Amino acid sequence: MQETMDMQGRLRVLLEDRDGRTVLDRTHPNRIVKTGRQLVAQLFAGVTGTPPSKVSHMGVGTGGDAATDDQAGLVAERARNPVVAPVYSEIVDGTGVKRIKVSLQTVFDFGEANGADPLREAGIFTAPSAGTLYNRVVFDPVTKANTFKLTLIWDIVF
């Protein structure tokens, strides 16, 4: 039996109004970019000098270009917030292999990430600004105004 390490991620985008009603609930696959794969490799094997940082923030932006391996940031970042405590669980994939899923979440409250141009991209980063981009997803446009709260729930399977 040969096993592969195929990291996969999916982003759930939730938009709620001020009454707590869900007005949008979508799920999109993401692309783990080269800097993200390098980050995992360095965290696994260790590096000399300054060790890499863990992922800590999610950002959203208006860039609609397709995700590519060589991207190091969002195309047009609008806002970035810290992730809440990760949740870990064990899942079994379609081939019977036990995998580990980590779920990360952040909230862009009513007064955050608003603008006339719709949000179309999101990513996970290792810092509140700059930092290493782990992954990026492009999704159908979401117009974020102060009448909505946006929650991102990102599941990564290892």
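The values are calculated or read from the model by the stated rules, or taken from the named source; none is laboratory data. None of these values were measured; they are calculated from a predicted model. With ideal geometry, Cβ positions are generated from the backbone for all residues, glycine too; neighbour counts draw on all protein chains shown.
If you check 68, 95, 62, which single one turns out to be in contact with a strand residue (DSSP E or B) (Cβ under 9 Å, 6 or more places away or on another chain), loosely packed, with under 11 Cβ neighbours inside 10 Å and not acidic (Asp, Glu)? Steps first, answer last, please.
Working: 95 fails: in contact with a strand residue (DSSP E or B) (Cβ under 9 Å, 6 or more places away or on another chain); 62 fails: loosely packed, with under 11 Cβ neighbours inside 10 Å.
Selected residue: 68, the only one of 68, 95, 62 that is in contact with a strand residue (DSSP E or B) (Cβ under 9 Å, 6 or more places away or on another chain), loosely packed, with under 11 Cβ neighbours inside 10 Å and not acidic (Asp, Glu).
For residue 85, only one of the following conditions fails: (1) outside any strand (DSSP E or B); (2) surrounded by 11 or more Cβ atoms within 10 Å (Cβ to Cβ). What is its number?
(2)
For residue 38, state whether it is among the polar types (S, T, N, Q), surrounded by 14 or more Cβ atoms within 10 Å (Cβ to Cβ) and modelled with pLDDT under 95.
So residue 38 fits the description; yes.
What's the number of the condition residue 87 fails, among (1) closer than 15 Å to residue 104 by Cβ; (2) modelled with pLDDT under 95?
(2)
Those residues that are under 24 Å from residue 41 (Cβ atoms), in contact with a strand residue (DSSP E or B) (Cβ under 6 Å, 6 or more places away or on another chain) and not aromatic (Phe, Trp, Tyr), I need them from the range 123-158; list them, please.
Matches in the range 123-158: 123, 124, 128, 131, 133, 135, 136, 137, 155, 156, 157.
Among the listed residues 102, 23, identify the single one that is part of a strand (DSSP E or B), surrounded by 15 or more Cβ atoms within 10 Å (Cβ to Cβ) and modelled with pLDDT of 95 or more.
Working: 23 fails: surrounded by 15 or more Cβ atoms within 10 Å (Cβ to Cβ).
The match here is 102.
How about the range 26-52: which of its residues are hydrophobic (A, V, I, L, M, F, W, C) and assigned to a helix (DSSP H, G or I)?
39, 40, 41, 43, 44, 45
When the residues of the range 5-20 are narrowed to those that are modelled with pLDDT of 95 or more and of a type in the set (A, V, I, L, M), which ends up nearest to residue 132 (Cα to Cα)?
Top of the filtered list is 11.
Taking the range 105-128, which residues are in contact with a Phe, Trp or Tyr (Cβ under 9 Å, 6 or more places away or on another chain), within 14 Å of residue 60 (Cα to Cα) and assigned to a loop (DSSP other than H, G, I, E, B)?
Listed by number, the list holds a single entry, 114.
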